[in-house]
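J.: Sharing a structure here in structure tokens format.
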Amino acid sequence: DGTVRIGAMTTLKEVAASALLTHPYLALSRAASCAGSDLLRSRATMGGNLCQRPRCWYLRSDITCARKGGALCFAADGENTYHGILGGDLCHMVHPSDIAPALIALDARAWITGPAGVRTVPLEEFFLLPTRSLQRENVLGPADILTDVLLPPLHADSRSTFRQVSETGVDDPLASVAISVIAAAGIAEKTRIVLGSAAPVPWRAREAEAVLDGFQIDSMLIAEAVAAALADAVPLADNRYKVGLFKALLVDVLRDKFGLTAAKV
């Protein structure tokens, strides 16, 4: 039926180089190509990248934080340079997957095998906010295995892309943006915008999508969409810079997909 099925053991290097994905699923191809070093991409897999644990130093220390059964998220008042600015009521970690924002923007589904059989879950629903579970990052049960990722066939006018910003010599992105949109004659339809490294899960910017859908895209509308995407941002003491990074990335990808010239943020 035109669906693309990618096995969970496929390496990110294979994904980035695949001719099947490069043009129609550009967001995924670019996200895979940005994931760390060449050595990392040659070993990291689709399933591993999606299911990896958060890289929060409080979670990985001996401190009993909220995610380990304690009462507090120590990042709220501690060292939070790389933590989230959205969705962090109980835990301020950011989900570390490079490819998840691109896959959600492309409306991908997770193929899961377990004791109850096989099921597919929209990848957007695969990840769990701390308000749903502080101990789990995804819907996998103890005996479940993520076996494949499914990409739907795309409309002829579909466009997608992915951009990220990272520190030199550091694999983890500071901020990333994935977008997928049907753009015919400059009018946006079925826009999906997803922010990475912004929240405990890949963050769907639905307010920004609603600003764009059904309209002829111009610079003023893009500015309105960017403002809507970050209207609920609550930066911490050391990560206020992330708001500016996301604004710049959003302007960049939106102007690129709608053929507008560059502009200052």
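J.: Mind checking which helices (runs of 4 or more DSSP H) fall wholly inside the range 1-52 and carry at least 3 residues that are in contact (Cβ under 8 Å) with a residue 24 or more places away in the chain?
T.: 12-17, 26-33, 38-43, 46-51
J.: Filter the range 150-161 down to the residues that are small (Gly, Ala, Ser) and touching a Lys or Arg at 6+ places or on another chain (Cβ under 9 Å), then identify the one that is surrounded by the fewest Cβ atoms within 10 Å (Cβ to Cβ).
T.: SER158
J.: Answer yes or no as to whether THR81 is within 24 Å of LEU129 (Cα to Cα) and among the β-branched types (Val, Ile, Thr).
T.: yes
J.: Specify which of the listed residues (ALA248, ALA199) is of a type in the set (Gly, Ala, Ser) and open to solvent by 20 Å² or more (accessible area, probe 1.4 Å).
T.: ALA248
J.: Working carefully through the options LEU50, LEU12, LEU21, find the one that is within 24 Å of VAL253 (Cβ to Cβ), open to solvent by less than 40 Å² (accessible area, probe 1.4 Å) and either touching a Phe, Trp or Tyr at 6+ places or on another chain (Cβ under 9 Å) or acidic (Asp, Glu) (or both).
T.: Only one candidate passes the filter, namely LEU50.
J.: Just give me the residues in the range 122-149 being more than 22 Å from SER176 (Cβ to Cβ) and either open to solvent by 50 Å² or more (accessible area, probe 1.4 Å) or among the aliphatic types (A, V, I, L, M) (or both), in sequence order.
T.: THR131, ARG132, LEU134, GLN135, ARG136, VAL139, LEU140, PRO142, ALA143, ILE145 - these are the residues of the range 122-149 that are more than 22 Å from SER176 (Cβ to Cβ) and either open to solvent by 50 Å² or more (accessible area, probe 1.4 Å) or among the aliphatic types (A, V, I, L, M) (or both).
J.: Right, something else. Within the bounds of the range 252-262, is there any residue that is among the β-branched types (Val, Ile, Thr), within 20 Å of the chain's Cα centre (by Cα) and modelled with pLDDT under 95?
T.: Checked the range 252-262: at least one residue is among the β-branched types (Val, Ile, Thr), within 20 Å of the chain's Cα centre (by Cα) and modelled with pLDDT under 95.
J.: Condition check: outside any loop (DSSP other than H, G, I, E, B) and of a type in the set (Lys, Arg). Does ARG60 satisfy that?
T.: no
The values are calculated or read from the model by the stated rules, or taken from the named source; none is laboratory data. Given the structure is predicted, the values throughout are model-derived calculations rather than measurements. Quick reminder, even Gly has a Cβ in these numbers, built from the backbone with ideal geometry, and neighbours come from all protein chains shown. Accessible surface areas use protein heavy atoms only, side chains included; no ligands, DNA or RNA. Shrake-Rupley method; radii C 1.70, N 1.55, O 1.52, S 1.80 Å.
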